[in-house]
Structure formats: structure tokens, C-alpha cells
Amino acid sequence: MKERNTHHNARDLNTQTSTELTPLTLLTLVILCCSTLSSYAQNVSGTVTDSITHAPIAYATIVWSQDGFRKGVAYSDDYGRYLLNLNTDITKMVEVTVRYLGYANKKIAFFAKSDTTIHIFMSTSPETMSIQTIVVRASRPLVQKDKNSRTLSSKDISRLPTRSLNRVAAMSVGKSRRGEVSFFGGRRNSQVNYVDGLLVKQNARGNESYAKTTRNAFKNVRREPLSTVSIDVDKASYSNVRRFINNGTLPPVDAVRVEEMINYFRYDYPKVENDEPISRFTQMTTCPWNKDHQLLQIGIKGKSMQEGEKPNSNLVFLIDVSGSMRSLNKLDLVKKSLTLLLENLQPEDRVAIVVYAGSSGLVLPSTRLAEGKVDIIDAIYKLESGGSTAGGAGIKLAYKTAIENFMDEGNNRVILCTDGDFNVGVSGVGELEDLISDKKESGVFLSVLGFGMGNYKDDNLETLADKGNGNYAYIDDFKEAKKVFMNEVGSTLYTVAKDVKIQVEFNPRKVKKYRLIGYENRVLNAEDFNDDKKDAGELGENGTVTFLYEIILAGAEDDEEPKVDSLKYQTSVMKNTELEEYCTVKFRYKEPNGAKSKLVVITHTESPKKLEDADENIKLASAIALYGMILSESDYAKNKDLKDVAKYLSKIKREGEEMEELKALVKKSAELKKS
């Protein structure tokens with residue numbers, strides 16, 4: 001509109017002064033035209049992030065100048081995003097300086113001839129910095145009643161100069177439950193909000209859905225001596241449970257999958273030897289929640305890969321951009337997570353981006369990281385949410401894209417980022433199972449990443465991962481993204497063994513009953529163990545998987561034992577060596593590109609140790625198992641409480657941020673159970 005008006009004015013001027021033009025007038029018009037051509041309004045946008053952690057830096061100061069003169073200033077928002085509106089001479093260099101406390105100043109220079117995107121990575125300052133304590137005092141009450149003490153109506157509230165109560169609260173100084181003052185950028189759950197003196201709690205579950213779980217019961221060894229299970233490398237339940245607890249509520253019972261809580265942690269199992277992709281480990285100790293029972297731990301560890309051994313990757317990011325992904329802990333967190341993953345890929349790796357909402361589309365064709373990393377990041381950060389969720393169409397297009405760029409000796413994988421709320425097209429659980437089961441035969445693996453809360457569909461996502469030769473994680477914050485895509489990127493991306501199963505045969509001379517803890521949806525029939533067509537779980541590079549069996553030894557008192565006459569024909573004669581064996585454990589697995597399974601067999605003969613003398617691995621696993629059993633209201637843990645879990649954890653020597661977080665979660669859970 002501005003250009004059209006300018007032309008009209010110029011035409012009117014020519015009409016009115018056609019007979020009065022002078023050399024001075026002509027010179028003025030030439031100068032005006034040249035000035036218009038050399039000045040142009042450009043937009044420069046991007047993100048400011050930490051160069052190592054890739055965490056967004058909020059409220060960084062961005063100053064731009066030209067010819068040594070300061071022209072303007074801007075600030076990055078909560079998510080590190082910034083926008084500069086430049087109205088400057090395109091023939092002159094633009095200089096930008098970014099500053100933030102604790103970081104070295106970042107300076108860049110460029111010619112802004114058109115709208116552009118620049119992502120700024122900042123490094124911490126090498127100088128030691130001393131930050132003095134800041135004391136905030138209010139000269140008057142921070143909360144004042146209206147002079148008329150009237151109640152605000154919805155119409156009054158709509159006129160208030162705020163966008164979102166949650167956003168305003170998140171950027172405010174708040175008093176935590178421990179009495180500290182927290183500022184924006186503080187710890188999760190460090191701020192508590194009150195309305196009229198009442199603590200405001202969010203309904204963390206909302207419209208979320210979880211598969212109903214029937215917990216495993218004890219089995220009599222003489223009737224059912226075999227326990228056959230697929231491994232489970234999913235870890236989503238732990239981070240999801242953490243999200244509920246940090247939001248001030250206990251998780252739904254069915255959201256607690258004990259095996260995923262146990263497997264969230266890495267265990268110090270023996271390194272892989274020879275050319276095998278997995279190592280094995282067993283030990284037995286006294287059961288922490290029942291002194292008359294024993295606990296058998298079976299551990300598996302995947303081999304490590306050196307830098308040159310990792311295969312090149314053909315990845316397709318399948319991103320849900322429907323309206324349900326609009327929340328801050330969904331699509332924005334997806335963008336940050338995938339950007340972090342890019343920093344941990346190899347130069348020869350390729351990435352394509354497929355999105356779906358009401359329909360699906362290819363946003364970025366398969367692009368080699370070495371040349372197209374900036375294009376990939378730019379495509380990710382341009383994504384916006386809106387519309388319904390046609391998940392089936394997106395999955396089909398993602399697999400089609402992965403197959404078209406298939407690497408014969410590479411890591412071919414679709415990475416699905418969604419809240420699982422499919423509502424258009426192929427959306428029934430059964431239909432999605434069939435679709436994924438069919439696509440996995442192509443040799444393309446699947447990683448499922450869950451995001452968000454309120455309408456989160458855990459049952460859908462777990463089904464997709466189980467049926468798609470894949471793994472499943474729940475990303476509740478950027479710290480979890482770092483764990484999945486930075487600290488444990490190998491076990492997330494690189495499969496070292498697929499269709500991994502175990503089969504345990506218990507010796508009735510030693511074991512009377514057993515109960516598998518967790519893995520309710522991974523239990524197989526005995527005949528499935530030798531059936532190479534039967535799907536099972538995948539083990540990633542350097543990943544660990546843990547199984548726990550609660551055991552009643554032969555000869556022990558058992559109040560639950562039904563009264564059945566002794567069997568006449570079921571006795572057998574054993575060798576002397578077999579009399580000392582508690583069980584035989586068989587493992588089957590296939591190479592990542594193999595079709596025929598390999599068998600490994602070990603036996604456990606070592607007598608149970610006292611818990612205080614046992615290995616640190618079983619101490620940690622058993623404490624987490626008890627924690628999960630209490631949260632899921634298991635009858636087998638009814639004589640224990642969370643104080644017992646805290647006591648067991650306090651005796652474990654293992655240190656680190658994850659252990660401190662686990663102890664804090666147990667403490668918070670105990671407080672929530674009291675309230």
C-alpha cells in the first residue's frame with residue numbers, strides 16, 4: 001500500500017510541475033530515489049543458545065550498530081528467540097553484539113540485504129565471576145485489594161493487560177515451599193501460587209490415557225517352570241511419573257510401569273567380550289519388602305561403539321504440528337530437543353522432516369548434515385502448530401521417505417515427536433498397530449518421543465514403539481532431552497541387537513515360586529522364544545536392561561499355596577551339578593540386519609546374599625522397584641512405605657544428579673501421600 005501511494009504522489013507531482021521542472025528539482029528526485037533504494041526494512045531473527053548444552057538463553061541483550069553508532073537493542077524471549085527490525089542502509093555492514101551475564105560477548109557482522117535467520121551460540125566466559133546477593137524489598141504490599149473490594153468478572157479479567165496467567169506467574173518472583181525466593185529461570189516446581197489463601201494445583205492428568213495393567217502374580221515352578229519375556233528399553237514411565245510429582249500430584253496407577261522406572265537408570269554390568277553384542281549378569285539377594293523371599297536380578301548390556309564404528313544414519317523427523325501441540329512444553333520443546341540431537345550426529349548422516357496435522361507433508365527432503373545443518377535447523381524452527389491430527393498419514397509418508405533414502409549398512413530410523421492424540425484418518429489403536437507392524441519389515445526402526453500433558457496418550461505411543469522395532473521416551477523438560485539425545489544418544493539411535501528375548505527355567509528343587517516384577521505387556525508364550533518370527537525388543541549401544549524376579553525358595557512357608565495333592569509322574573532325576581542350580585537363563589537375539597537368531601545360555605548357582613552385602617546394582621534396582629510398587633499400589637508392597645525406599649536409597653554409594661533427583665522425588669511422593 002505504501003509503494004502504491006508513493007507512485008501516485010510521484011505521478012501527481014510530475015503532472016503538476018511538468019512545465020516547471022528545474023535542475024534543482026531533478027537533483028532532489030534523484031537523491032530521493034537513491035535513498036529509497038539503499039534503505040530497506042529487514043528482519044533478522046534466530047535463537048541465542050549455550051554453545052555446549054544448547055539450552056536457550058533467555059533475556060540476552062542484543063545490540064546492533066552501524067558505522068560505530070548504536071542503532072537499536074532487543075532481548076531474547078523465554079525460549080532464546082529474538083527478532084531485530086532493521087531499517088538501515090543495505091550497502092553498509094551491520095554489527096551485532098550479544099551480551100549475557102556469565103558468557104563472553106558474542107560479536108557478528110553481516111550485510112542485511114534481505115530477511116535472514118542467524119542462530120547465535122554463546123560460550124561461557126573464561127573469567128571467574130563473582131555475583132553478589134540481590135535483596136528484593138517491596139515498599140508496599142505486593143498484593144493489594146481493590147479499593148471497593150469488588151469481585152472481578154470475566155469481562156473485567158479479559159481487559160487486564162496480561163496474556164497468560166501461567167506465563168505471568170512463571171516470570172514473577174515467587175516464594176518456594178522451602179522458603180527461598182525464585183526468579184524466572186528457576187527450578188521446576190520451585191514456585192507455588194495461592195489464590196485467596198488456597199494453594200492452586202493443576203489437574204496434571206486432564207484427558208490423558210493409559211493402558212490398564214494387570215500386575216504379574218506368583219507362579220508355581222512345578223506347573224510353570226518357564227518365564228519368557230521380551231526385553232523393554234522404554235524409559236517413558238519414569239520421566240512421566242516425575243512430571244506428575246513435580247506438578248504436585250501422584251501419578252495414575254496405570255502410568256507406573258515398574259520395569260521402565262528400573263531401566264531408566266544405567267547399571268554397571270560387565271563389558272561385552274569377544275564379538276558378541278551383549279553381556280549377561282545375574283545375582284540374588286534378600287528381598288527388601290519381604291525378608292522371607294529372595295530377589296533375582298538378570299542384567300543385559302549392549303556393546304559400546306567407537307566413533308568410527310557407528311553406522312551412518314538416515315533419519316526422518318516425523319513431527320506432530322496439530323493444534324494439540326501448541327503448548328509450550330510440546331512443539332517448542334520438540335524444536336529444542338531435535339536441535340540438540342543434530343549436534344550429536346555425524347557429518348555423513350542425513351535428516352528429512354515430515355510434519356502432519358490435518359494432512360501430512362514433506363517439509364525438508366533428506367539432507368546431508370555436513371552441508372545442510374543450517375537448513376535443517378531453520379526448517380525446524382519455522383514449524384507452527386494448528387489443525388487436527390492425521391497421524392496415520394504422517395507415519396506412512398515418514399516411512400516412505402526413509403525407505404527412499406535407505407542406507408543398506410546404516411541406521412534407518414523414523415523419530416516420531418507427538419503427544420499421541422491422533423484423531424483423523426487411521427487413528428484406532430488396532431489400525432495403528434497393523435500399520436506400524438507392516439512398516440517395520442522394511443528395516444526402518446522407530447523412536448517414539450512423547451511430549452506434553454493434559455491430553456497425553458501414553459497408551460497410543462507405547463503401542464507404536466512396541467510394534468515398530470523401537471524405543472519410547474517421554475520428554476518432560478530440556479534436561480530429559482539432554483539425557484536422551486546427548487548423554488545416551490547411542491542407546492537411543494544405534495541398535496546393536498534386535499528381537500532380544502530371555503527365557504528363565506527355574507529349578508523346582510531350589511525354587512518354589514517366582515514373580516516377574518513389571519514387563520506385564522512384554523510376557524511371551526514359551527514357544528515364542530524359539531520362533532524367529534516373533535517380535536521382541538531392541539537393545540541400543542551401551543544400553544542396559546534389568547529383570548527382577550521375586551522368588552520363594554523350595555521348602556519355605558507359603559500361606560498362598562493352594563492345597564493340591566502331590567503329583568505322581570512329575571519327579572525327575574537330576575545330575576549332581578544341576579541340583580545346585582537355581583535357574584538357567586537363555587538369551588536369543590538377532591544382529592541389527594539379521595534374520596536368524598543366536599542363542600546364549602548361562603546358569604545361576606550362587607546362593608542369595610544379604611542385601612547389605614549385595615552388589616550396588618541390585619540395591620538400586622530393588623529400591624526403585626519398591627518405589628514403583630508403592631506408587632502403583634501393589635499388594636506385594638503393602639507392608640512398606642516410602643520411608644523404607646528413602647532408607648534403602650540412603651545406603652547406596654552411587655552419586656550424581658539422577659540419584660539426588662530420585663531421592664527428592666521419593667520425598668515429594670511421601671509428602672503428597674500425606675496430603
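Taking the range 595-640 as the range and being in contact with a helix residue (DSSP H, G or I) (Cβ under 9 Å, 6 or more places away or on another chain) and β-branched (V, I, T) as the test, the residues that pass are T603, T605, I618, I624, I630.
Note on the range 620-647: residues that are without any contact (Cβ under 8 Å) to a residue 60 or more places away in the chain and under 19 Å from E660 (Cβ atoms) total 5.
Quick grid of which residues meet (1) within 15 Å of the chain's Cα centre (by Cα); (2) outside the structural domain of E657 (by TED's automatic domain parsing); (3) closer than 27 Å to S437 by Cα; (4) crowded, with 23+ Cβ neighbours inside 10 Å:
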position: V484; (1), (2), (3), (4): yes, yes, yes, yes
position: E488; (1), (2), (3), (4): yes, yes, yes, no
position: I502; (1), (2), (3), (4): no, no, yes, yes
position: E505; (1), (2), (3), (4): no, no, no, no
position: K510; (1), (2), (3), (4): no, no, no, no
position: R515; (1), (2), (3), (4): no, no, no, no
position: G518; (1), (2), (3), (4): no, no, yes, yes
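V414 meets each of the listed conditions (1) surrounded by fewer than 21 Cβ atoms within 10 Å (Cβ to Cβ); (2) at pLDDT 90 or above apart from (1).
Checking each residue in the range 84-104 for being hydroxyl-bearing (S, T, Y) and outside any strand (DSSP E or B) picks out T91, Y100.
S313 meets the conditions (1) surrounded by fewer than 24 Cβ atoms within 10 Å (Cβ to Cβ); (2) within 18 Å of I475 (Cα to Cα) in every case but one. The failed one is (2). For the range 661-675, taking the residues that are of a type in the set (D, E, K, R) and surrounded by 11 or more Cβ atoms within 10 Å (Cβ to Cβ), the one that is modelled with the lowest pLDDT is identified as K673. Set side by side, the residues R243, R266, R280 differ, and just one is touching a strand residue (DSSP E or B) at 6+ places or on another chain (Cβ under 8 Å) and either within 19 Å of G490 (Cα to Cα) or part of a loop (DSSP other than H, G, I, E, B) (or both), which is R266.
Kindly check whether there is at least one residue in the range 105-124 that is closer than 15 Å to S45 by Cβ, at pLDDT 85 or above and in a loop (DSSP other than H, G, I, E, B). So far as the range 105-124 goes, yes, one or more of its residues are closer than 15 Å to S45 by Cβ, at pLDDT 85 or above and in a loop (DSSP other than H, G, I, E, B).
Restricting the range 224-240 to residues that are assigned to a loop (DSSP other than H, G, I, E, B) and of a type in the set (A, V, I, L, M), the residue that is modelled with the lowest pLDDT is V233. V363 fulfils the conditions (1) surrounded by fewer than 18 Cβ atoms within 10 Å (Cβ to Cβ); (2) at pLDDT below 90 except for a single criterion, (2). Selection of the range 468-499 for residues being free of Cβ contacts under 8 Å to residues at least 60 places away in the same chain and of a type in the set (S, T, Y) yields only T492. Consider the range 295-310 and keep the residues that are of a type in the set (A, V, I, L, M, F, W, C) and at pLDDT 90 or above. The one that is surrounded by the fewest Cβ atoms within 10 Å (Cβ to Cβ) is I298. Right, Y399: at pLDDT 80 or above, buried (at least 16 other Cβ atoms within 10 Å of the Cβ) and assigned to a helix (DSSP H, G or I) or not? Yes, satisfied.
Can you tell me which residue within the range 417-436, out of those that are surrounded by 15 or more Cβ atoms within 10 Å (Cβ to Cβ) and modelled with pLDDT of 75 or more, is nearest to I380 (Cα to Cα)? Once the filter is applied, the top-ranked residue is C417.
The values are calculated or read from the model by the stated rules, or taken from the named source; none is laboratory data. Quick caveat, the model's predicted, so the values are computed rather than measured. Counting neighbours? That spans all protein chains shown, and the Cβs are built from the backbone with ideal geometry, glycine included.
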